[in-house]
1. Tell me which residues, restricted to segment 86-98, are buried (at least 20 other Cβ atoms within 10 Å of the Cβ) and not charged (D, E, K, R).
2. Among the strands (runs of 3 or more DSSP E) contained in segment 1-85, which hold 2 or more residues that are small (Gly, Ala, Ser), modelled with pLDDT of 90 or more and loosely packed, with under 13 Cβ neighbours inside 10 Å?
3. With the structure loaded, tell me whether VAL121 is farther than 24 Å from GLU244 by Cβ, crowded, with 19+ Cβ neighbours inside 10 Å, out of contact with any Pro (no Cβ under 8 Å at 6 or more places or on another chain) and among the β-branched types (Val, Ile, Thr) or whether it fails that test.
4. Considering only residues that are touching a Lys or Arg at 6+ places or on another chain (Cβ under 6 Å) and aromatic (Phe, Trp, Tyr), look in segment 161-199 and name the one that is surrounded by the fewest Cβ atoms within 10 Å (Cβ to Cβ).
5. Do we have any residue at all in segment 143-160 that's part of a strand (DSSP E or B), modelled with pLDDT of 95 or more, surrounded by 17 or more Cβ atoms within 10 Å (Cβ to Cβ) and on the phi < 0 side of the Ramachandran plot?
6. When you look at GLU101, is it at pLDDT below 95 and crowded, with 17+ Cβ neighbours inside 10 Å, yes or no?
7. Do you know which residues across segment 104-123 are modelled with pLDDT under 70 and at negative phi?
8. Residues that are modelled with pLDDT of 95 or more and within 17 Å of ALA142 (Cβ to Cβ): list the strands (runs of 3 or more DSSP E) wholly contained in segment 164-244 that include at least 1 such residues.
Amino acid sequence: MRNTATIGLTLLVACAAVLAAQSASAAFAPPANSWDELYRYVARPAGDDREERREHVEIGFRYDEEGTFIRSSTIVGGNFENVFVRIGPEGTFRSAYRVGELGGTTAMDGSIWFDDGTVSVTTEGKIEEGEREVPEGVPVAADVSLLHLMRSFPFGTDAAWEVLMADFSGNFVTVSIRNAGTDSVSVPAGVFLCHRMDVAVRILIFRPTITFWLAADPPHFLVKHRGKRGPFTRTYTTELVAGE
């Protein structure tokens, strides 16, 4: 799309991308004010409290006869990203779609789906695509669906879950999830008793651990998150601001 030869063709392609994104939003997003759960967060990199670096995140859950629908919306620096996730009624990850706007261009730029024991990833406009067969009994998660999966963890036990994670770049990684006890956690939304969930990521010689604090009371929503987004990135902290 960036290599178009004429202004007319550029506008045509841009319009097509916008229409595709609007169609995706219409197909996956529920009507306004129809969320069964809605949470708002602020995320910031360690040591940098500038407003332009803050990420404003909203995560909504809706339940119906087809299972669970989740939407995660992130706004930072004038750009936005929406991720739409569908979980089946049995609690199994089914699909995720990403729609974003960067530099004024809007498009559905990635999809992940799980079907018949295989996870597949397609990234629009890029060559990154991936496919992975999943061993029987291994849970699958992508993006915000991990939060939904952890809600069913057997808290207060020594259990360890091995989960296959897929991202929109076509990468796959195995993570190990453990309940590391309970903490009292203070965030802008208040003080919550939380299950501390340590997620160890298996990346070659690296074993970074990402920590999630989930409310001890059902529905075990995310209260706080801390961890790196890559081997060489800063640590980010995400905190609950409000919930409905």
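1. Matches in segment 86-98: ILE87, PHE93, ALA96, TYR97.
2. Numbers: elements: 37-45, 55-64, 67-76.
Once the strands (runs of 3 or more DSSP E) in segment 1-85 are filtered for at least 2 residues that are small (Gly, Ala, Ser), modelled with pLDDT of 90 or more and loosely packed, with under 13 Cβ neighbours inside 10 Å, nothing remains.
3. On the way: farther than 24 Å from GLU244 by Cβ: yes; crowded, with 19+ Cβ neighbours inside 10 Å: yes; out of contact with any Pro (no Cβ under 8 Å at 6 or more places or on another chain): yes; among the β-branched types (Val, Ile, Thr): yes.
When the stated conditions are applied, VAL121 passes them.
4. In this case the residue turns out to be PHE172.
5. no
6. Values: at pLDDT below 95: yes; crowded, with 17+ Cβ neighbours inside 10 Å: yes.
So GLU101 passes the test.
7. Scanning segment 104-123 gives THR105, THR106, ALA107, MET108.
8. The strands (runs of 3 or more DSSP E) meeting that bar are 172-187, 190-201, 209-215, 222-228.
The values are calculated or read from the model by the stated rules, or taken from the named source; none is laboratory data. Computed from a prediction, not measured in an experiment: that's the story for all the values here. Cβ atoms come from the backbone with ideal geometry, glycine included; neighbour counts cover every protein chain shown.
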